[in-house]
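**Student:** Quick one: this structure, given as structure tokens, is what I'll be asking you about.
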Amino acid sequence: MGFTREQTTTLRKLNVILLRDHPFYGHIMASCRWDRQDNMPSVAGLHIRAAFLTLLISEAFFTLHPQEQAFVITHELMHFLFKHPMRMQHQCTDLKNIAADLAVNSYLHSTSRLDRAESSIYPEQFQLPENRTYEYYLRELQRLVREGKIKVISTCRCGGGGGSSSKGKPGICPDCGGKKKLQSGEGGDHHWEIESTPEEASELSRKLYNTAKSVGSVPAGLLRELYEAEARISWEELFINAAQSSEMAEEWRFCKRHYSRRYGTIPGVVHEYLGDMKVTVDTSGSMGSKEIGACFSVVDKMRALGYNIQIFEHDAAYLREYPYEGIPPKVLGGGGTCIESTFKHIALEYPDTDQVFCFTDGMIFDLESARMIADENGWDIVWVLTQSHDMPFGQAILMEVDSEIHGM
């Protein structure tokens, strides 16, 4: 569905205003494509492709005041520049939505002349400091939920009271039934369509940033850590992001606990992401209990996201396999480290495998023969290393068990 002539004029005027008053954001908006999409939970969204970024605009967007429209556009652009869509992907939960909005809103408020959107959420409402990272706000929100200080805020543009449930999930506004779209920054669902790899999306964000930087004034402190030195993301986040291509399947199913947003009826439908993961765990003598425990902690997170996970233990040879069901058994092993026999077992028993995750210290003595098996079966190998090691193939993630989480 395209825009009307009046709507197109409104968007062009808005772009001119941003170019005049906030040239950095104005040039990024001018570099994007614009498309109409009403079937979104918010008034605006993003469609991320490898070659270009599309701003998705709903009918409700055009009912906003021009100052609110400017805030919505810059808000969505900042989510993209901070790489929130690529890093959250299919795990865009309620608390993550709020944490991302807190990071963006506090930054926009402190570094630009954009009018503060009073309906949006800000860190001070949670008694949290401004200008912190998405990970910081997520961690603090999780702490507040555990301590029972918040249940997770639910806001609604109808002007009603909003609501929250006893289980910490956003409730439905009793005034409008949750049918009205939330404005960007109010802590509601985000709408981000991603048709690119994280690497392609990161490269696109760099191009847009550099283009706008060359012709527009960069707001104070913008993306200093993100672009002058690559943002440091926790190894758990990197692991979850890498898993998104692991034998994923999507399906819609009816659910009586969710209402239909379009028709307001029950049952509604739920979009679920299902995945199978093959995880090898090095249980040789050089792997400590802390590292193996960290491995199973992140595996437990993946299980909570709906993945079916098969564990393969090995030291100098393949030892055993079992489905991960929440409580890891006492690991076997304690010898040297080889992985060829484990790869052979996976290739024989699971011929449809396309990705294998390997937790190890990296000191593997048969990597070349293992590489031949991986190449022959077309596997994407992800090494999760307990110490820095140059792996000859696959993607490497360095495990930092006791480190803080950094990034925008």
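The values are calculated or read from the model by the stated rules, or taken from the named source; none is laboratory data. Treat the numbers as computed from the prediction; the structure is a model and nothing was measured. Counting neighbours? That spans all protein chains shown, and the Cβs are built from the backbone with ideal geometry, glycine included.
**Student:** Considering (1) on the phi < 0 side of the Ramachandran plot; (2) small (Gly, Ala, Ser); (3) surrounded by fewer than 19 Cβ atoms within 10 Å (Cβ to Cβ), say which one Ala370 fails and leave the rest.
**Tutor:** (3)
**Student:** To continue, here is another question. When you go through Gly187, Gly221, Gly216 one by one, which is the residue that is at pLDDT below 80, touching a Gly at 6+ places or on another chain (Cβ under 8 Å) and of a type outside the set (Phe, Trp, Tyr)?
**Tutor:** Only one candidate passes the filter, namely Gly216.
**Student:** Ok, one more. Of all residues being surrounded by 15 or more Cβ atoms within 10 Å (Cβ to Cβ) and β-branched (Val, Ile, Thr) in the range 389-406, which is modelled with the lowest pLDDT? Just the residue, please.
**Tutor:** Ile405
**Student:** Then there is this: Run down Ala304, Ala294 and say which single residue is of a type in the set (Gly, Ala, Ser), surrounded by 14 or more Cβ atoms within 10 Å (Cβ to Cβ), within 20 Å of Met277 (Cα to Cα) and at pLDDT below 90.
**Tutor:** It is Ala294.
**Student:** Which members of the range 328-358 meet the condition of being under 15 Å from Tyr307 (Cα atoms) and not hydroxyl-bearing (Ser, Thr, Tyr)?
**Tutor:** Of everything in the range 328-358, those that are under 15 Å from Tyr307 (Cα atoms) and not hydroxyl-bearing (Ser, Thr, Tyr) turn out to be Asp354, Gln355, Val356, Phe357.
**Student:** Considering only residues that are part of a strand (DSSP E or B) and not aliphatic (A, V, I, L, M), look in the range 37-76 and name the one that is surrounded by the fewest Cβ atoms within 10 Å (Cβ to Cβ). Give the steps one after another, and end with the answer.
**Tutor:** First pass over the range 37-76, keeping only residues part of a strand (DSSP E or B): 42, 44-49, 53-57.
Those left that are additionally not aliphatic (A, V, I, L, M): 42, 45, 47, 49, 54.
Working: Ser42: 23, Gly45: 23, His47: 19, Arg49: 15, Thr54: 17.
Top of the filtered list is Arg49.
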